[in-house]
Amino acid sequence: MKDKRIEERIQHSLNAELSGLRTTSCQRDQFFENATGGYKVKKKISTVAILVAALMLFTVTALAVGFLSGWGHIEQAMDIAVEYDEYDEWSLDAKIRLITSMREDGIEISEDDWLALQGDTLTEQEKHSLANNILTSYYGDQEYIWFYTIATVDWGEPQTWSLEQRYWFFSTMREKGLYGDYSWIDLLPEKGDLTQAQAESIAKQAVAEAFELPEDEMVNLHGDVSFFITDEYEIPRWQICLYRDDNVWATEYTVLLTREGEVTEDPEGLGILTPAHERQRREEREESTENTQTVSEITAQARINANDPVYYNPSSGTYYHFLQDCPLVHSDYLPLTALDPDSEEFQRLTPCPACVQRNELWSMQDKIRYGIGDWMTPQPNWIGEEKALGIAHTTLNDRGIDVSGLYPVIYWSGIKDDSAVYYVSFVSVETDNLGYVRLNFRYTVEIEPVNGLIVSIGESDIRW
Ligand SMILES: [Zn+2]
């Protein structure tokens, strides 16, 4: 089943990234921060919508070609994008053109399939479906096949692209009129300029000094390096976003360098950070995290005052919990034991940073009861929370996805009844080095709430 809204959202998020300068992790990070106000999630509906758009974007990258191929087929896919808006509209000729280019670029296409596409033994319909099979076997779900996803399958995520790949990709897009009016232009360094590796190394050194990071911390950071010019900048600059080994989508630090390699300010307001800016932003973020905790403590107090069940682990543990199956507690100690909030025992306990502080984990009922988020009222004809969770669980299990060890989080949204959706995400619960609990959204199933049909399934690695 095709869902226009999701497609529009993906398109929208891609456009936002492209217009928000370009597809780099830095801008993506910024994009998430802007959407959510950092950790302080103010408007849950838009947060979830954007999150889901991002989830869908990440599902297409599962297949890798496994060898270096030429770039002609990516250009061919751009030419097709000039002609057609979406894959559904592609003509058979367009599909065959792309497959031909893939073959010329050294991507292995079965000889039988290839001959069948050229010959006249198959009907037009059969050729379409054969071409679809070939393309989806390389590039994933046909709903998301376009030049951008083709490039990310062949080359990896944009953050890891070389300067040559960036330059070629975006200048080819521009030539074909696919780049919009965005003024960011990728350049290739010239003779006498820094190399990509040198720019990365200068940025890392600046960050290491500003944040007093030890050597072993630095080796896990990799640079998403751009050499660029925009309307606003008279001369080229370097931008280096540093991300960790395990999370290409989350920029840890951002550095702007002059052409000569001096750490510089961002007077043009492109949102690029020097280590000094970065440091200030982090301090502000820590403050806002403290505020968020105070806010959720007030909600938590309301919950205690209402005499809702509170739980604890009588054999050990210093927290009180709102969830009897709190994901932060080892399964050996589950289910937790109910506790009277008036008891002396309760007084010595502190709020669980997961199930008390992170009200995303709360049930639908509790989210409604305690006004968590700004939700539409669930309609009487909707399936209940338990059923929605069951459907999500079964759907993933049927696809061989093991969600044991992950905790289900439910949200819902919709402007009108007919556009309403449940979002059931399976998250892993992690504690960062500041003791703040992060929710890592691993899988999200989107369910139509009246008849329980699956709208989409997304996989991701987003920490919240
Ligand atoms: Zn807990």
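The values are calculated or read from the model by the stated rules, or taken from the named source; none is laboratory data. Just so it is clear, the model here is predicted, and its values are computed rather than measured. Positions of Cβ are backbone-derived with ideal geometry, glycine not excepted, and every protein chain shown enters the neighbour counts.
Per the listing GLU190, GLU175, GLU217, GLU200, the residue uniquely within 30 Å of GLU283 (Cβ to Cβ) and out of contact with any strand residue (DSSP E or B) (no Cβ under 9 Å at 6 or more places or on another chain) is GLU217.
In the condition set (1) touching a residue at least 40 places away in the same chain (Cβ under 8 Å); (2) within 13 Å of the ligand (Cβ to nearest atom); (3) more than 15 Å from LEU439 (Cβ to Cβ), SER363 is compliant with all but (2).
Within the range 185-205, being of a type in the set (Asp, Glu) and part of a loop (DSSP other than H, G, I, E, B) holds for GLU190, ASP193. Taking the listed residues PRO335, PRO353, PRO380, PRO314, the one that is outside the structural domain of ILE410 (by TED's automatic domain parsing), at negative phi, away from the ligand (no atom under 14 Å from the Cβ) and in a loop (DSSP other than H, G, I, E, B) is PRO314, with no other qualifying. Within the range 131-142, the set of residues being at negative phi and either out of contact with any Phe, Trp or Tyr (no Cβ under 7 Å at 6 or more places or on another chain) or crowded, with 19+ Cβ neighbours inside 10 Å (or both) comprises ALA131, ASN132, ASN133, ILE134, LEU135, THR136, SER137, TYR138, TYR139, ASP141. Only one of the listed residues (GLY435, GLY458) is small (Gly, Ala, Ser), at pLDDT below 85, part of a strand (DSSP E or B) and not assigned by TED's automatic domain parsing to the domain that holds ASN307. That residue is GLY458.
Mind checking whether some residue in the range 204-213 is on the phi < 0 side of the Ramachandran plot, in the same structural domain as ILE107 (by TED's automatic domain parsing) and among the small types (Gly, Ala, Ser)? So far as the range 204-213 goes, no, none of its residues is on the phi < 0 side of the Ramachandran plot, in the same structural domain as ILE107 (by TED's automatic domain parsing) and among the small types (Gly, Ala, Ser).
The set of residues from the range 338-350 being within 14 Å of the ligand (Cβ to nearest atom) and surrounded by 16 or more Cβ atoms within 10 Å (Cβ to Cβ) comprises LEU339, LEU349. Per the conditions (1) away from the ligand (no atom under 16 Å from the Cβ); (2) at negative phi, the sole criterion not satisfied by VAL329 is (1).
When ASP398 is tested against the conditions (1) at pLDDT below 85; (2) out of contact with any helix residue (DSSP H, G or I) (no Cβ under 9 Å at 6 or more places or on another chain), the lone failure is (1). Taken as a whole, the structure leaves TRP238 outside the set of residues that are modelled with pLDDT under 80, in a strand (DSSP E or B) and among the aromatic types (Phe, Trp, Tyr).
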